[in-house]
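The values are calculated or read from the model by the stated rules, or taken from the named source; none is laboratory data. Being a predicted model, the structure only gives us computed values, none of them experimental. Note that each Cβ is placed from the backbone with ideal geometry, even for glycine, and that neighbours are counted across all protein chains shown.
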């Protein structure tokens, strides 16, 4: 189940770039998944709920499925 490494990779990238500085809880995660991405959305949701970073436990996962074969992560700034 490689979805755990995908979730950890996303969290590590957010952490390394300072996007989680001062964030006590992540309420919602929006992820665009391509049809041929090879990622199971149920496993990825499970992974986010069970990673060591407790800020992501209970986060709502909103998947946008598209017909392409790409994964798109958009940069969003939060206060």
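Could you list, ordered by first residue, the pairs with Cβ atoms under 9 Å in which the first is in region 11-39 and on the phi > 0 side of the Ramachandran plot and the second is assigned to a helix (DSSP H, G or I) and loosely packed, with under 10 Cβ neighbours inside 10 Å, at least 6 apart or interchain?
Correct list of pairs: empty, since none qualify.
How many residues does region 1-39 hold that are closer than 23 Å to residue 66 by Cβ, out of contact with any helix residue (DSSP H, G or I) (no Cβ under 6 Å at 6 or more places or on another chain) and surrounded by fewer than 15 Cβ atoms within 10 Å (Cβ to Cβ)?
Qualifying residue count for the region: 9.
Are there any pairs, at least 6 apart or on different chains, whose C-beta atoms fall under 9 Å, with the first in region 43-62 and at positive phi and modelled with pLDDT under 90 and the second loosely packed, with under 15 Cβ neighbours inside 10 Å and part of a loop (DSSP other than H, G, I, E, B), and if so, which?
58/25; 58/27
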